[in-house]
Amino acid sequence: MARRETPVAGPGSRALVVDVIRSATSISRVELAELTGLTQASISNIVRDLIADGVIHETGSVDSIRGKPRKLLEIRPANRFGIGFQVGPETVTCVAADLTGGVVGREVVPLGPGPLETFLAGRFEEFTAGLDLPRDRVEGLAIVAPTAPEWGPVRSALADILGIPILVENDAAAAALGEFWSRRVSREQAFGSVYLSQGIGAGLVFGGALFRGASFDAGELGHLSIAYDGRPCPCGNRGCVERYASMAATVEAARAIPALAGATYDTVARAAVSGNAEAFAVLDAAAGYLAVAVTSMVNLLDLGRVVLTGPGVAVAGSIYARRLRTHLAGTAHARHRHEVVVELSAQPRDAAGIGAAALVVQASIAPGHTVGVR
Ligand SMILES: [Zn+2]
């Protein structure tokens, strides 16, 4: 691997070391020094602190060519936990994740009455108590929502009630971080995810950190136009891909077909993967529009890996993945230099909640990345 300039050990070094250990699964100190470019002395210091903090531990050893065997280091999964709440219009999906991004608890409950912060604080207490998670091992709570209302007051009220860090993030960005963390994607890889729901969002992870733009508004893939004089969009532009490929647009297209009048998105998706030609045509067309937009995003950023996630790919994700792979294979600008890997999320409906929990974990053990506090 080509080594970049040698970084000076500083606040970002710990995040770098944690990220390299996380993506490598297990690794020796010598390899850490080679991969990070930090000196052996810096690595020794950072590793000693991380072991003392319980973030990593030594596990087994490998023979080295000369001298004593090298001890291997890996993340200690069950040492600390992050909690993520995915707040929908009617429900809250609660997720607890360990330091590797592995889900250790999940629960969906109806959104309760009364002030939101009171309900969410109560939910946090019940959820963590139900899982028997020691309070001093819970690093914080992150909340994701598709249409975040004014979250500032709720966030500070929750922080006052619970006395732990509270993060707020949009669903697509959180889902991207979750996929990045749990898939052990290398920080060297330019990574993106596409979150298909009532709208369309993207999350981008560069150098191990979420890319957020000037005002936490990066990744508005849904408003990438695919037609100069296309359908008008409430954002003011025309031809936004969201008007052609979001779940809402797909349902609208399906309902124009008499046999699918009154169908929901999930019934159209189930019909499409069960041999209904009309339903398949509707979803395949939506997937085609989405593929055009995602290819533009891939070209603009030279992404190496894209994960499709969100409730829109829970049932018929294979239709979207196939279209995107075909389109990228034929048109991606960098296709002669590298493959663009397209994968489907293993838990697309919960991806944002899982990502929220991973965001807490990252903020806790790899500080140095920008955290989504708005
Ligand atoms: Zn738009």
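Observations on the structure shown:
- For segment 317-346, the candidate set comprises residues that are assigned to a loop (DSSP other than H, G, I, E, B) and more than 20 Å from the chain's Cα centre (by Cα); within that set, the residue that is nearest to GLY178 (Cα to Cα) is GLU339.
- Listed conditions (1) under 19 Å from the mean Cα position of the chain (by Cα); (2) more than 19 Å from SER197 (Cα to Cα); (3) in a helix (DSSP H, G or I); (4) not basic (Lys, Arg) are all met by GLY312, apart from (2).
- Only a single criterion out of (1) within 10 Å of the ligand (Cβ to nearest atom); (2) farther than 21 Å from ARG322 by Cβ is not satisfied by ARG255, namely (1).
- Residues of segment 208-239 satisfying the condition of being loosely packed, with under 14 Cβ neighbours inside 10 Å and within 24 Å of the chain's Cα centre (by Cα): GLY213, ALA214, SER215, ASP217
- Filter result for GLY54 (in contact (Cβ under 8 Å) with a residue 24 or more places away in the chain and surrounded by 15 or more Cβ atoms within 10 Å (Cβ to Cβ)): no
- Any chance ALA148 is more than 25 Å from SER296 (Cα to Cα) and modelled with pLDDT of 90 or more: no
- Residues being in contact with a Lys or Arg (Cβ under 6 Å, 6 or more places away or on another chain) and surrounded by 24 or more Cβ atoms within 10 Å (Cβ to Cβ) - total across segment 172-192: 1
- Within segment 207-223, restricting attention to residues that are touching a strand residue (DSSP E or B) at 6+ places or on another chain (Cβ under 8 Å) and over 30 Å from LEU35 (Cα atoms), the residue that is farthest from the ligand (Cβ to nearest atom) is PHE216.
- A single entry from GLU188, GLU278 fulfils the requirement of being charged (D, E, K, R), closer than 20 Å to ALA332 by Cβ and either in contact with a Pro (Cβ under 6 Å, 6 or more places away or on another chain) or away from the ligand (no atom under 16 Å from the Cβ) (or both): GLU188.
- Within segment 224-247, not a single residue is more than 16 Å from the ligand (Cβ to nearest atom) and among the acidic types (Asp, Glu).
- Residue within segment 193-207 that is among the aromatic types (Phe, Trp, Tyr), over 22 Å from ARG22 (Cβ atoms) and surrounded by fewer than 24 Cβ atoms within 10 Å (Cβ to Cβ) present: no
- Segment 15-113 holds strands (runs of 3 or more DSSP E) entirely within its bounds, and those carrying 3 or more residues that are closer than 27 Å to ALA174 by Cβ map to 81-87, 91-97, 103-110.
- Unmet criterion (only one of (1) part of a helix (DSSP H, G or I); (2) within 16 Å of the ligand (Cβ to nearest atom)) for ALA173: (2)
- Test result for ALA33, more than 16 Å from VAL361 (Cβ to Cβ), surrounded by 14 or more Cβ atoms within 10 Å (Cβ to Cβ) and out of contact with any Lys or Arg (no Cβ under 9 Å at 6 or more places or on another chain): yes
- Checked against (1) outside the structural domain of THR264 (by TED's automatic domain parsing); (2) touching a residue at least 60 places away in the same chain (Cβ under 8 Å); (3) not in a strand (DSSP E or B), LEU167 meets all criteria but (3).
The values are calculated or read from the model by the stated rules, or taken from the named source; none is laboratory data. The shown structure was predicted, so the numbers you read here are calculated from the model rather than taken from an experiment. Neighbour counts run over all protein chains shown; Cβ positions are idealised from the backbone, glycine included.
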